[in-house]
């Protein structure tokens, strides 16, 4: 079995990935109302830090299969909470 030992993304790459996924899916439009890109970046970095930072994202394979999805869900949850209070 082949294991991918390549490092996961940098913090900036993780943020860009989450922003790309959020912006490319029309189902997320309701979450992005009245939210700036700076706010999305800030939320993503905050949630990433709660997960232990980029050093805990695992290998590139682990990032793509699991941790990116976990981070995305955390960011979407935060955006949803923000929208509930706006």
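Numerical summary
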| quantity | calculated |
| --- | --- |
| Residue within the range 74-84 that is part of a loop (DSSP other than H, G, I, E, B) and touching a helix residue (DSSP H, G or I) at 6+ places or on another chain (Cβ under 6 Å) present | no |
| Residue check for residue 38: over 11 Å from the mean Cα position of the chain (by Cα) and at pLDDT 95 or above | yes |
| Tabulated pairs, the range 19-37, first at positive phi and touching a residue at least 24 places away in the same chain (Cβ under 8 Å), second part of a helix (DSSP H, G or I) and surrounded by 10 or more Cβ atoms within 10 Å (Cβ to Cβ), C-beta under 9 angstrom, 6+ apart or interchain | 34/82; 34/83 |
| Residues located in the range 38-86, provided they are touching a residue at least 12 places away in the same chain (Cβ under 8 Å), surrounded by fewer than 13 Cβ atoms within 10 Å (Cβ to Cβ) and farther than 20 Å from residue 9 by Cβ | 80, 86 |
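The values are calculated or read from the model by the stated rules, or taken from the named source; none is laboratory data. Just so it is clear, the model here is predicted, and its values are computed rather than measured. Positions of Cβ are backbone-derived with ideal geometry, glycine not excepted, and every protein chain shown enters the neighbour counts.
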